[in-house]
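Participant: If you scroll down you'll find the structure; I have some questions about it.
The values are calculated or read from the model by the stated rules, or taken from the named source; none is laboratory data. Since this is a predicted model, take the numbers as computed values, not measurements. Cβ atoms come from the backbone with ideal geometry, glycine included; neighbour counts cover every protein chain shown.
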């Protein structure tokens with residue numbers, strides 16, 4: 001019996017242990033287990049080396065089966081070279097994803113703190129098993145508990161670079177209650193392989209945040225590519241290519257709230273086969289504003305309705321009662337082909353007409369030929385847009401043919 005016990009012990013010693021979090025000084029190194037869940041190792045690294053330390057998530061395949069939530073990072077460098085796959089236990093995520101307050105949204109992965117760099121080195125992959133979500137959602141709306149892939153929450157001075165997303169569960173990234181955020185060289189793709197569409201797989205959304213820089217992104221998604229939501233300010237977006245999306249967008253804002261968006265620049269934007277190119281969408285609201293926004297150097301191919309403003313998005317009712325003011329918006333060097341003959345549908349609320357809209361070097365041609373229409377209502381007459389007619393209050397975001 002003793003000999004058998006010794007043999008068992010020797011066998012146990014000989015069996016390698018896969019997956020671990022090893023700490024050496026201020027460095028935590030995470031390796032994959034090949035098992036059902038690696039989130040515990042990653043969370044352990046955040047807790048032990050997330051302050052004045054370094055975290056290395058090494059190459060290999062990681063399974064994420066539990067929510068990861070850590071908001072106390074400080075002076076930390078995080079290196080991710082592995083492939084992180086969120087499992088497809090939909091019932092777990094529906095019950096356990098973390099609320100982010102905004103519009104009943106929630107997230108599967110949330111980080112916050114101060115002075116943090118997250119580098120993916122062009123190797124990091126976040127795979128959300130999104131097809132399972134798209135299929136079970138069956139083209140319905142925003143299912144409560146369906147998690148955003150990655151959220152920065154109460155983050156100050158964060159740098160995120162070199163990460164790839166494929167088939168996220170919901171939105172790719174969300175930045176809330178944060179400031180001084182830089183996100184560069186990110187590659188995102190939400191594409192359904194079945195009859196069911198992805199439904200609301202935005203590339204980026206900001207909310208209650210300021211001082212944000214986005215550069216060098218490629219995004220394929222079923223909704224807004226880059227969306228600046230309420231109480232966001234000083235946002236700079238440059239060199240982003242958007243496929244099958246809403247491209248560069250302010251909104252939606254003003255849904256049961258007084259929202260403000262100030263000082264936003266979209267520059268060097270490409271939109272391919274998308275719904276819109278450079279646009280603003282609000283709900284009817286009793287106040288708030290969008291002010292000092294620039295869309296510059298926007299190029300697009302086959303876009304449904306390139307330039308668009310709506311004060312009553314989605315419901316298309318009470319459009320002229322909104323007092324959310326849109327002012328000082330510049331569209332400059334806007335070039336491309338519209339899917340139909342409408343190049344712009346601009347309807348501002350009659351209760352708060354748009355002022356200070358400026359259009360320079362606009363060259364939009366219907367892809368099938370003909371003369372483009374520029375529909376305008378309740379906006380300043382010196383905008384530079386060659387308005388060809390009025391834009392009805394109920395003008396839809398998506399067109400089904402020529403006007």
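Participant: When the residues of segment 276-290 are narrowed to those that are touching a strand residue (DSSP E or B) at 6+ places or on another chain (Cβ under 7 Å) and part of a loop (DSSP other than H, G, I, E, B), which ends up farthest from residue 317 (Cα to Cα)?
Facilitator: 277
Participant: Now for a separate question. Residue by residue through segment 28-47, note down the ones that are surrounded by fewer than 16 Cβ atoms within 10 Å (Cβ to Cβ) and more than 21 Å from residue 87 (Cα to Cα).
Facilitator: Passing the criteria: only 47.
Participant: Give me a count of the residues in segment 209-232 that are surrounded by fewer than 19 Cβ atoms within 10 Å (Cβ to Cβ) and either touching a strand residue (DSSP E or B) at 6+ places or on another chain (Cβ under 7 Å) or in contact (Cβ under 8 Å) with a residue 60 or more places away in the chain (or both).
Facilitator: Number satisfying all stated conditions: 6.
Participant: Looking at 114, 182, which is the one that is under 14 Å from the mean Cα position of the chain (by Cα) and touching a residue at least 12 places away in the same chain (Cβ under 8 Å)?
Facilitator: After ruling out the rest, the residue left standing is 182.
Participant: For residues in segment 183-200 being in contact with a helix residue (DSSP H, G or I) (Cβ under 7 Å, 6 or more places away or on another chain) and buried (at least 18 other Cβ atoms within 10 Å of the Cβ), which is nearest to residue 120 (Cα to Cα)?
Facilitator: Of everything passing the filter in segment 183-200, 190 is nearest to residue 120 (Cα to Cα).
Participant: If you go through segment 386-397, how many residues are touching a residue at least 60 places away in the same chain (Cβ under 8 Å) and buried (at least 17 other Cβ atoms within 10 Å of the Cβ)?
Facilitator: Residues that pass the stated criteria total 3.
Participant: From the list 68, 21, which one is modelled with pLDDT of 95 or more, over 23 Å from residue 173 (Cβ atoms), in contact with a helix residue (DSSP H, G or I) (Cβ under 6 Å, 6 or more places away or on another chain) and surrounded by 17 or more Cβ atoms within 10 Å (Cβ to Cβ)?
Facilitator: 21
Participant: Quick test of your reading of the structure: residue 257 fulfils all but one of (1) over 22 Å from residue 154 (Cα atoms); (2) modelled with pLDDT under 95. Name the failing condition by number.
Facilitator: (1) is the only condition that residue 257 fails.
Participant: Taking residue 249 and the conditions (1) modelled with pLDDT under 95; (2) buried (at least 24 other Cβ atoms within 10 Å of the Cβ), which numbered condition does it fall short on, given that it satisfies the others?
Facilitator: With (1) modelled with pLDDT under 95; (2) buried (at least 24 other Cβ atoms within 10 Å of the Cβ) applied to residue 249, the lone miss is (1).
Participant: Going through segment 87-108 one residue at a time, which ones are surrounded by 15 or more Cβ atoms within 10 Å (Cβ to Cβ) and within 18 Å of the chain's Cα centre (by Cα)?
Facilitator: Of everything in segment 87-108, those that are surrounded by 15 or more Cβ atoms within 10 Å (Cβ to Cβ) and within 18 Å of the chain's Cα centre (by Cα) turn out to be 97, 98, 100, 102, 105, 106, 107, 108.
Participant: I've got another one for you. Please verify whether residue 136 is surrounded by fewer than 18 Cβ atoms within 10 Å (Cβ to Cβ) and either in contact with a helix residue (DSSP H, G or I) (Cβ under 7 Å, 6 or more places away or on another chain) or closer than 23 Å to residue 65 by Cα (or both), treating the condition exactly as stated.
Facilitator: Yes: the conditions hold for residue 136.
Participant: Right, another one. Would you mention how many residues in segment 327-373 are under 16 Å from residue 309 (Cβ atoms), surrounded by fewer than 21 Cβ atoms within 10 Å (Cβ to Cβ) and either touching a helix residue (DSSP H, G or I) at 6+ places or on another chain (Cβ under 6 Å) or in contact (Cβ under 8 Å) with a residue 60 or more places away in the chain (or both)?
Facilitator: 2
Participant: How many residues are in contact with a strand residue (DSSP E or B) (Cβ under 7 Å, 6 or more places away or on another chain) and in a strand (DSSP E or B) when one looks only at segment 22-68?
Facilitator: 16
Participant: Give the residues of segment 215-246 that are in a strand (DSSP E or B) and either modelled with pLDDT under 95 or on the phi > 0 side of the Ramachandran plot (or both), sorted by residue number.
Facilitator: Listed by number, the residues that qualify are 216, 234, 239.
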